[in-house]
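Read the structure below first, then the notes.
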Amino acid sequence: MSLDPAYLEYPHRRLGYDHDLYAFSPLPARPPIHWPQGKSVATWLCVSLEWFPIVPADKPFRAPGHMQTAYPDYRHYTARDYGSRVGVYRLLDAFAKAGVAASFATNSAIGERYPALLRASFPCKPCSG
């Protein structure tokens with residue numbers, strides 16, 4: 001099944017943002033940024049933590065390039081699942097040891113499947129500017 005061309009059509013596409021929540025401002029038109037405590041750079045750590053089924057439903061379409069090997073693809077599935085079983089805890093420990101705050105971008109399946117992961121990352125300390 002191929003991707004319906006209408007899927008790529010977006011009626012709100014325009015120069016700048018696709019919303020009116022705040023004004024678009026290109027980088028060269030912005031004033032210089034002054035970070036807290038005179039720091040010269042800021043870094044945002046955002047870890048992607050997601051879960052997907054071993055056999056995708058392919059609805060409404062099969063995502064282009066999605067798991068091209070035979071199903072069920074145990075090799076790729078277990079490599080991806082390493083993150084939620086082991087990797088994320090190693091990252092949490094490393095961030096805590098370094099005193100670093102990080103964000104985790106998760107899909108809802110993580111919360112349903114691994115609620116302990118969400119509990120492990122909270123309570124978190126708010127970033128101090």
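Tell me which residues, restricted to the range 31-45, are exposed (fewer than 10 other Cβ atoms within 10 Å of the Cβ) and touching a Phe, Trp or Tyr at 6+ places or on another chain (Cβ under 8 Å). Please lay out each step first, then the result.
Of the residues in the range 31-45, the ones exposed (fewer than 10 other Cβ atoms within 10 Å of the Cβ) are 31-34, 36-44.
Listed by number, the residues that qualify are VAL41, ALA42.
Determine, yes or no, whether LEU49 is touching a Ser or Thr at 6+ places or on another chain (Cβ under 9 Å) and either surrounded by 10 or more Cβ atoms within 10 Å (Cβ to Cβ) or within 30 Å of ALA98 (Cβ to Cβ) (or both). Break it down stepwise before answering.
Values: touching a Ser or Thr at 6+ places or on another chain (Cβ under 9 Å): yes; either surrounded by 10 or more Cβ atoms within 10 Å (Cβ to Cβ) or within 30 Å of ALA98 (Cβ to Cβ) (or both): yes.
So LEU49 fits the description; yes.
I'd like the full set of residues that are touching a strand residue (DSSP E or B) at 6+ places or on another chain (Cβ under 8 Å) and assigned to a loop (DSSP other than H, G, I, E, B), limited to the range 86-106.
First, the residues of the range 86-106 that are touching a strand residue (DSSP E or B) at 6+ places or on another chain (Cβ under 8 Å): 88, 91, 102-106.
Across the range 86-106, the qualifying residue is only ALA102.
For the range 20-52, enumerate the residues that are in a loop (DSSP other than H, G, I, E, B), in contact (Cβ under 8 Å) with a residue 40 or more places away in the chain and either acidic (Asp, Glu) or under 20 Å from SER84 (Cβ atoms) (or both).
Of all residues in the range 20-52, those in a loop (DSSP other than H, G, I, E, B) come to 20-26, 30-35, 39-45, 50-52.
If we keep only those that are in contact (Cβ under 8 Å) with a residue 40 or more places away in the chain as well, we get 44-45, 50-52.
Hits for the range 20-52 are LEU45, GLU50, TRP51, PHE52.
Restricting attention to the range 1-15, report how many residues are exposed (fewer than 10 other Cβ atoms within 10 Å of the Cβ), of a type outside the set (D, E, K, R) and either part of a loop (DSSP other than H, G, I, E, B) or touching a residue at least 40 places away in the same chain (Cβ under 8 Å) (or both).
Qualifying residue count, the range 1-15: 7.
Please work out which one of (1) at pLDDT 80 or above; (2) assigned to a loop (DSSP other than H, G, I, E, B) is the condition GLY83 fails and give its number.
Going through the list (1) at pLDDT 80 or above; (2) assigned to a loop (DSSP other than H, G, I, E, B), GLY83 breaks only (2).
The values are calculated or read from the model by the stated rules, or taken from the named source; none is laboratory data. Everything numeric in this text was worked out from a predicted model, so none of it was measured. Heads up, the Cβs are rebuilt from the backbone with ideal geometry, glycines too, and the neighbour counts pull from every protein chain shown.
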